1. Would you confirm whether or not segment 184-194 contains a residue that is closer than 24 Å to THR309 by Cβ, at pLDDT below 95, of a type in the set (A, V, I, L, M, F, W, C) and part of a loop (DSSP other than H, G, I, E, B)?
2. Taking into account only those residues within segment 131-188 that are on the phi > 0 side of the Ramachandran plot and among the small types (Gly, Ala, Ser), which is surrounded by the most Cβ atoms within 10 Å (Cβ to Cβ)?
3. Against the definition (open to solvent by less than 20 Å² (accessible area, probe 1.4 Å) and over 19 Å from ALA314 (Cα atoms)), how does ARG192 come out, yes or no?
4. Cβ contacts < 6 Å: first residue under 15 Å from ASP78 (Cα atoms), restricted to segment 33-44; second residue aromatic (Phe, Trp, Tyr) and open to solvent by less than 70 Å² (accessible area, probe 1.4 Å), any location; separation 6+ or different chain. Result?
5. Given the options VAL384, VAL373, VAL318, name the one that is of a type in the set (A, V, I, L, M, F, W, C), at pLDDT 95 or above and out of contact with any Pro (no Cβ under 6 Å at 6 or more places or on another chain).
6. When segment 53-67 is examined, which residues are found to be part of a loop (DSSP other than H, G, I, E, B), crowded, with 17+ Cβ neighbours inside 10 Å and not β-branched (Val, Ile, Thr)?
7. Scan segment 212-220 and tell me whether some residue there is modelled with pLDDT of 95 or more, surrounded by 24 or more Cβ atoms within 10 Å (Cβ to Cβ) and over 19 Å from TRP85 (Cβ atoms).
Amino acid sequence: MVRMPPAHFRPDVSYGEGYRAPSAHEARRRIAADIARSYNLQLQSPESGWPMPALGVECFVMRVPAERSVNTVIAAIDQDPRAAWAQPVQSFRGLGYNDPLFPLQPTARQWHLQELHSASTGRSVRIAELDSGVDRNHPDLVGQIAAFEDFTDRPERAEAHGTAIAGILVARANNGVGIAGIAPRARLLALRACWRGERDATECNSFTLAKAMQSAIDRGAQIVNLSVGGPADRLLRELIDRALARGIVVVAAADPAAELGGFPASHRGVVSVAMDTDGGAPPLTVATVAAPGHDVPATGAGGGWTFVTGSSFAAAEVSGLIALLLEQNPDLRPEQIQILLGGEQRGVRDAGAPAPKSIDACRVLSAVAGACVCACPRALTSDVSAQR
């Protein structure tokens, strides 16, 4: 990471070149090239050199020779005043998997989706999906994608994981085919940071995810959905912190096989989502909330539909629900949404059960709307009053 100067030094002066100006970029690239030469590294091109103005750095990717230790090189560059810091490019994966189908468990039935949509559909709320490629020609997704950008170096294609997440979020409602997304009137930013790897696994890395996160911030996303997991990563951690500071809600899938749910789900301020234990999954007590994640009907790459299982898809459900909340109250802060979804016994059911608590979507949306949107129990009155 090479430091970048502030975009503007005085409020009354416009600096026309900006972060991506050729001269500014070339100056930073020369610094990166000098660093690469100093440590006998190979500066990657053309993908190398991506501005991260949210952090005030430009990110360059360098290849370490096979016979050298990556950690040793990083430690040396960290001490070099020409660099802000160095880190490995780490691998992330989608947290979904294909099991034999269980009996159908419609998410719409569990969350009373039709009743929720009578109050809110996520209209105009901007959701950034950082995932693999989305099938933009799918009949349930045509016209639902507000923007698409590819941050990988792989051929563009429609991929299963990203297409399923997109459908769970924004699939067209009441169109006579397929499914209804949780937030069908939201504006989806499909930011391809992952790709289909070996054995159909969804793979990403620090650099592709960071580029997509910077784009989400630049595009004014209100929600970022990260249905991926991997090792703790400084670059992504810093970008997530900048997003949270700007009021962007970050939702991540909790990995049941990783300590504390893995990263980014375990990062402070992130809404971490586990699969609902009603589906038979073991409880993951470190997640913020649990949501339906077993046999979720979803859009499939190539125009069909499928059923998917995993915390990836539970996270998408929660991102969609948050879009419904933000339509009702765009001023809600990430920390307020955390409380609504899983804190202070508000917006949850089975209060005596181990955390994470399953979301009662009707109660949560009613609390923000200030009126019952489903068949509301008498006990809801205090929740509604507390959120007005």
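1. Looking for residues that are closer than 24 Å to THR309 by Cβ, at pLDDT below 95, of a type in the set (A, V, I, L, M, F, W, C) and part of a loop (DSSP other than H, G, I, E, B), one finds none in segment 184-194, hence no.
2. In the first step, residues of segment 131-188 are kept if they are on the phi > 0 side of the Ramachandran plot; the result is 143, 174, 176, 178.
Okay, now just the ones that are also among the small types (Gly, Ala, Ser), so 143, 176, 178.
Numbers: GLY143: 8, GLY176: 6, GLY178: 21.
Per the stated criteria, the residue is GLY178.
3. Details: open to solvent by less than 20 Å² (accessible area, probe 1.4 Å): yes; over 19 Å from ALA314 (Cα atoms): yes.
Considered against the rule, which asks whether it is open to solvent by less than 20 Å² (accessible area, probe 1.4 Å) and over 19 Å from ALA314 (Cα atoms), ARG192 comes out as yes.
4. No pair meets every condition.
5. On the way: VAL384 fails: at pLDDT 95 or above; VAL373 fails: at pLDDT 95 or above.
The unique qualifying residue is VAL318.
6. To start, the set of residues in segment 53-67 that are part of a loop (DSSP other than H, G, I, E, B) comprises 53-56, 60-61, 64-67.
Remaining after also requiring crowded, with 17+ Cβ neighbours inside 10 Å: 53-56, 60-61, 64.
If the condition is that a residue be part of a loop (DSSP other than H, G, I, E, B), crowded, with 17+ Cβ neighbours inside 10 Å and not β-branched (Val, Ile, Thr), then PRO53, ALA54, LEU55, GLY56, PHE60 are the ones that fit.
7. As a first pass, look at segment 212-220 and keep what is modelled with pLDDT of 95 or more: 212-220.
With surrounded by 24 or more Cβ atoms within 10 Å (Cβ to Cβ) added as a condition, the list becomes 212-213, 216.
So of that shortlist, the ones also over 19 Å from TRP85 (Cβ atoms) come out as 212, 216.
The answer is yes; a qualifying residue exists.
Results for (1) among the hydrophobic types (A, V, I, L, M, F, W, C); (2) assigned to a loop (DSSP other than H, G, I, E, B); (3) touching a Pro at 6+ places or on another chain (Cβ under 7 Å); (4) at pLDDT below 80, shown as yes or no for each residue.
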{"residue": "PRO6", "(1), (2), (3), (4)": "no, yes, no, yes"}
{"residue": "PHE9", "(1), (2), (3), (4)": "yes, yes, no, yes"}
{"residue": "GLY18", "(1), (2), (3), (4)": "no, yes, no, yes"}
{"residue": "ILE31", "(1), (2), (3), (4)": "yes, no, no, no"}
{"residue": "ALA36", "(1), (2), (3), (4)": "yes, no, no, no"}
{"residue": "SER45", "(1), (2), (3), (4)": "no, yes, no, yes"}
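The values are calculated or read from the model by the stated rules, or taken from the named source; none is laboratory data. Since this is a predicted model, take the numbers as computed values, not measurements. Neighbour counts run over all protein chains shown; Cβ positions are idealised from the backbone, glycine included. For the accessible areas, the whole protein counts, side chains as well, though only heavy atoms, and no ligand, DNA or RNA atoms are used. Shrake-Rupley method; radii C 1.70, N 1.55, O 1.52, S 1.80 Å.
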